[in-house]
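For reference, the structure is listed below as structure tokens.
Taken together, the values in this text are just the output of simple stated rules run on the coordinates, not laboratory data. Every value quoted in this text rests on a predicted model; they were computed, and no experiment measured them. Positions of Cβ are backbone-derived with ideal geometry, glycine not excepted, and every protein chain shown enters the neighbour counts.
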Amino acid sequence: MEFLLVLGFPLLGGIALALTGHWKRAAEINAAFSLLTLLAAIFLTVNVVEHGPQLLYDEQIFIDPLNVFLVALTAFVGFTTSLFSRPYMRIEHHHGRLTTGRLRLYHSMFQLFMFTMLLALTTNNMGILWVAMEAATLTTVLLVSLYRTAASLEAAWKYFILCGVGIAQALFGTILLFFAAEKILGHEGGALLWTHLDAVKGQLEPAVMSLAFVFLLVGYGAKVGLAPLHNWLPDAHAEGPTPVSAVLSGLLLNVALYAVLRCKVLADGALHSSLAGLLMMGFGLLSVVVAAFFLSRQKDIKRMFAYSSIEHMGIVTFAFGMGGPVANFAGLLHMTVHSLTKSAIFFAVGHATQKSGTQLMEHIRGLIKLSPTIGWGLMLGTLAILGMPPFGVFASEFLILTTAMKQQPWATPLLLMALGVAFAAIFGKVQPMVFGESAPGSLRLLPHKPAMLPVFMHLGLVLMLGLWIPPYLAEWYRQAARFIG
Amino acid sequence: MSHYYGQFINLLAAILLLLSFAMLGQRRILSLINLFMAQGAVLCVSTATVAFVTGQSHLYWSALITLLLKVILLPWILHRLIRRLNVKWDIETLINIPTTMLIGIVLVIFSFNLALPISELAGTVTRATLGIAIAAVLLAFLMMITRSKAVPQVIGFLAMENGLFFAATSATYGMPMVVELGIALDVLVGMVILGVFFFQIRERFDSLDIRHLEQLKED
């Protein structure tokens with residue numbers, strides 16, 4: 001029942017807002033539907049944690065500790081983003097960058113995007129997982145081009161083509177997976193259902209499975225933003241409206257990585273070798289290094305934080321590639337804190353750019369004087385994402401680094417160097433934006449009160465996760481880490 | 001008897017490959033859409049034949065979806081689009097056509113090598129055609145790379161989906177029905193969104209040349 005509501009609310013919300021979105025209260029309706037989704041997700045989570053994994057609807061839906069944790073995270077960040085987007089989009093409307101028609105498109109697509117992500121997370125069918133991932137791209141293409149500027153159209157086109165081609169590779173991988181599974185499970189009777197595949201993974205043909213995993217990793221990896229297929233990500237984040245950047249960075253990348261993880265479990269079982277782990281470590285490390293060096297060259301604030309997302313997804317992919325209970329635990333924790341911190345940063349960045357009227361970092365100065373909450377939000381968020389203690393990112397990065405020293409010592413210098421470069425690049429740019437001298441009158445007054453509550457809510461949670469992980473949550477992470485193997 | 005059907009499916013696969021090459025070499029958008037339609041028709045006939053030979057009744061539904069979506073609906077949308085957008089001019093390619101053809105031949109050889117170990121494992125009557133399916137995917141990919149206009153790129157994208165569909169039929173007699181329906185829905189929604197998107201691009205740049213879309217770069 002809870003499950004039906006988790007998927008039902010966003011779908012219903014998307015349709016309702018498409019029909020009635022020109023109402024003045026559309027932003028509130030959007031937030032209300034997101035809140036209902038969150039409540040349903042909480043009930044579902046409690047249920048799964050208490051009663052164990054659930055198979056529903058003819059085994060088409062499978063909910064275990066691994067995905068229910070992402071469902072809760074997705075619903076939570078979706079809700080706070082809808083709170084943030086209410087004043088943000090009003091201000092954009094006020095500044096004349098958006099018409100009412102486009103706001104209607106935005107609200108409707110936001111809910112449908114949530115629906116596709118939640119479907120991708122909960123489905124047991126690898127084919128439906130593909131369909132939902134592709135649908136998630138489709139719902140966000142028109143959001144990236146919402147401003148209809150030349151740059152935003154280009155970003156959306158790149159996003160569509162690169163992710164489309166990427167996801168086509170994943171479809172081929174899924175076909176190969178089905179081909180390997182069909183020999184054992186038969187054509188009828190769920191040869192694409194993950195639970196069935198998981199039960200027989202030891203018998204799947206290794207030659208086919210290794211090929212399938214390569215295609216699946218490249219395909220879904222393009223959506224995770226792994227180098228060298230990351231080109232769409234900075235453009236889409238920089239040119240779309242900021243709430244969209246927040247959910248792309250905070251949620252979509254996680255969901256794509258979740259798809260990779262499900263495939264990795266199957267590949268590990270079939271291959272009896274560490275091919276899958278090695279590939280993930282390679283792609284992860286490459287992304288970390290590439291992103292770190294691109295970071296220092298950025299001029300646009302949203303582009304810079306988009307590269308930071310590539311870096312962090314690289315770290316998580318690397319952690320899951322190493323495998324083992326500690327690395328998996330750290331990877332899951334890092335997914336959580338990254339998604340909370342990065343969306344908080346994008347909320348703060350959104351209001352900072354609205355105040356200064358530009359996304360170019362050299363023109364944003366002295367936020368702390370004219371708007372202390374935005375300034376502090378950005379500063380604290382930046383410190384958190386750079387892995388400063390006592391924030392949660394520090395805890396997860398520390399775990400990943402120490403595990404790397406033990407298991408893959410060759411990779412540690414590369415990781416440390418990349419983290420150092422990223423620190424210098426980001427901190428050096430954010431510091432003058434917050435504390436620098438501003439030219440008088442360079443910051444405008446906003447016509448609506450900015451929403452800073454979501455920022456501090458997220459940062460508070462990240463701080464808590466750094467100091468103390470509630471035993472309930474820790475047990476939950478451990479369970480999920482065991483599922484990944 | 002089934003031997004002749006096997007030959008017939010191979011013949012259809014050969015036609016599919018030929019059509020992929022024809023699309024690679026085609027300069028006119030209208031002909032490109034017609035070629036895409038022909039590819040869809042071949043796909044539909046071959047799926048129906050496989051369904052008849054193997055008695056897999058769900059493949060008849062796949063064939064029907066292919067007929068409706070790829071032979072009727074998508075070409076109709078594309079025709080309407082180019083009429084509304086008024087883009088019937090010749091396509092410029094980024095690499096000249098004979099060179100593209102040569103690269104295409106290399107890709108076909110590569111695909112057959114890639115498919116060899118898989119098709120040996122497959123027990124389907126259509127296993128010989130798996131190489132052609134992969135070749136069709138890669139040729140469509142090549143077409144996307146070498147074209148500079150938005151519409152041909154999208155046709156390349158759709159042709160790639162055709163190749164993947166053919167791969168699914170020849171390796172496994174098609175995916176489960178619910179997945180195939182989902183994929184068809186995605187393709188259709190994607191096409192509609194792209195249609196909207198084309199109008200946005202044209203409104204902004206007065207042209208559908210995606211070379212305008214190369215401003216976002218790292219400097």
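The angle between the Cα long axis of helix B:29-54 and the longest principal axis of the Cα atoms of chain B comes to about 20 degrees, rounded to the nearest 10.
Apply the a/c threshold of 1.5 to the C-alpha gyration tensor of the stretch B:1-119 and tell me whether it is rounded, prolate or oblate. It is oblate, given that a/c is not under 1.5 and a/b is not larger than b/c. In this simple spin-label model, placing a label point 7 Å from the Cα along the Cα-to-Cβ direction at both A:Met464 and B:Leu188 gives a separation of 4.5 nm.
Ordering A:Ile368, A:Asn47, A:Leu112 by Cα displacement along the dipole of the protein assembly as shown toward the positive end leaves A:Ile368 in first place; charges were set at the Cβ atoms of Lys, Arg (+1) and Asp, Glu (-1).
Our note on the geometry: Cα centres of the stretch A:68-137 and the stretch A:446-479, 20 Å apart. A helix-only calculation puts the protein assembly as shown at -26000 deg cm²/dmol for mean residue ellipticity at 222 nm, using -39500 (n - 2.57) for each DSSP H run of at least four residues, averaged over all residues. By its C-alpha gyration tensor, with a ≥ b ≥ c as the square roots of the eigenvalues, how is the stretch A:380-485 shaped: rounded for a/c under 1.5, else prolate for a/b larger than b/c, else oblate? Verdict is oblate for the stretch A:380-485.
What percent antiparallel are the DSSP beta bridges of the protein assembly as shown, to the nearest 5?
Details: 9 of 9 bridges.
That works out to approximately 100 percent antiparallel.
Mean sequence separation of contacting Cα pairs (under 8 Å, at least six apart), scaled by the length of the stretch A:225-322, corresponds to a relative contact order of 41 percent. Here r is the Cβ-Cβ distance between A:Glu50 and B:Ala22 and R0 is 56 Å; the resulting FRET efficiency, rounded to 0.05, is 0.40. Prolate is the label for the stretch A:235-371. Its Cα gyration tensor axes, ordered a ≥ b ≥ c, give a/c of at least 1.5 and a/b above b/c. For the pair B:Leu102 and B:His3, a Förster radius of 30 Å applied to the C-beta separation gives a FRET efficiency near 0.30, rounded to the nearest 0.05.
The distance between label points at B:Leu30 and A:Thr100 comes to 4.3 nm (points 7 Å beyond Cα on the Cα→Cβ vector). About its Cα centre, the protein assembly as shown has a charge dipole of approximately 1800 debye under the convention of +1 per Lys or Arg Cβ and -1 per Asp or Glu Cβ, with nothing else charged. Rg over Rh for the stretch B:2-218 works out to 0.99, both radii taken from alpha-carbon positions and Rh defined as the Kirkwood radius. The mean sequence distance of close C-alpha pairs (under 8 Å, at least 6 residues apart), as a share of the length of chain A, puts its relative contact order at 15 percent.
Using the beta-carbon distance between A:Ser274 and A:Tyr57 and R0 = 41 Å, what value does 1/(1 + (r/R0)^6) give for FRET efficiency, to the nearest 0.05?
Details: r = 35 Å, r/R0 = 0.86.
E(calc), rounded to 0.05, equals 0.70.
Note on the stretch B:2-218: dipole from Cβ charges, positive end direction compared against B:Phe36, B:Leu78, B:Ala136; the farthest Cα belongs to B:Leu78.
Axis of helix B:130-146 versus longest Cα principal axis of chain B: the two differ by about 0°, to the nearest ten degrees.
Taking 8 Å as the Cα distance limit and 6 or more residues as the minimum spacing, I'd like the relative contact order of the stretch A:144-270 as a percentage. Walk me through the numbers on the way to the answer.
Numbers: 156 pairs, mean separation 45.1, N = 127.
Relative CO of the stretch A:144-270 lands at 36 percent.
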